[in-house]
Amino acid sequence: MQKKFLFVMRSATRGGVRIRESLDMVMTAAAFDQAVRLLILDDGVFLLKRGQRPEASKLAPVAPLFEALALYDVEDVWVERESLEARGLTEEDLVIPVGVVERADIARLSAEHDIVVSC
């Protein structure tokens with residue numbers, strides 16, 4: 001039986017173990033034919049920012065991991081509009097296409113899923 005997963009990312013820990021583990025969970029659930037969606041809030045929007053140079057801090061880039069989500073049929077990636085705006089970003093600044101949701105819609109969005117994982 002297919003479950004609907006919503007993974008919520010809030011942290012901008014670029015290149016760290018935490019973000020890689022979170023994306024591993026996302027891809028693993030998707031590999032087992034679960035409906036997987038990703039919601040990115042707060043400083044997590046910086047993870048998707050185009051043009052990052054993590055090599056300056058000796059961290060591996062995370063953009064390729066987000067770009068690989070489509071290979072796992074994770075096509076629903078949403079970002080919160082207010083998080084983007086508060087950080088001076090737009091959809092065009094991001095490395096992958098995303099849907100934009102309003103803060104007021106997040107509770108409804110979460111309720112539509114069987115499992116919500118905050119990572």
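The values are calculated or read from the model by the stated rules, or taken from the named source; none is laboratory data. Predicted, not measured: the structure shown is a model, and the values here were computed from it. Note: ideal-geometry Cβ built from the backbone for every residue, glycine included; neighbour counts use all protein chains shown. Each accessible area value is taken on the protein alone, full model and side chains, heavy atoms only, with ligands, DNA and RNA left out. Shrake-Rupley method; radii C 1.70, N 1.55, O 1.52, S 1.80 Å.
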- With -39,500 (n - 2.57) per DSSP H segment of 4 or more residues and division by the full residue count of the chain, the 222 nm estimate, nearest 500 deg cm²/dmol, is -7000 deg cm²/dmol
- Task: Would you please give the residues with an amide H less than 5 Å from that of Gly99, counting only those at least 5 places away or on a separate chain, with H modeled from the backbone geometry?
- Result: Val77, Trp78, Val79
- Calculate one ³J(HN,Hα) per residue across segment 31-41 by plugging θ = phi - 60° into the Karplus curve 6.51 cos²θ - 1.76 cosθ + 1.60, and present them in order as whole Hz with x for glycine and proline. 5, 9, 6, 8, 7, 10, 10, 10, 10, 10, 10
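Report for the chain the percent antiparallel among DSSP-assigned beta bridges with both residues inside it, nearest 5. Numbers along the way, then the final one.
Working: 1 of 18 bridges.
Here the share of antiparallel DSSP bridges comes out near 5 percent.
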- For the chain, the charge dipole (Cβ of Lys, Arg +1; Cβ of Asp, Glu -1; about the Cα centre) points to a positive end, and the Cα of Phe32, Gly88, Leu6 closest to that extreme belongs to Gly88
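From largest to smallest, what semi-axes in whole angstrom does the chain give when each is the square root of 5 times an eigenvalue of its alpha carbon gyration tensor?
On the way: eigenvalues 95, 64, 27 Å².
Ellipsoid half-lengths, sorted descending, are 22, 18, 12 Å.
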- Accessible area (Å², 1.4 Å probe, nearest 10) - Ser118: 90 Å²
- What ranking, highest mean first, results for peptides 91-104, 27-40 when packing means the other Cβ atoms within 10 Å averaged over each residue? 27-40, 91-104
- Can you tell me how much longer the chain between Glu112 and Thr90 gets when fully stretched, taken as 0.36 nm per residue apart minus their C-alpha distance, in nm with one decimal? 5.3 nm
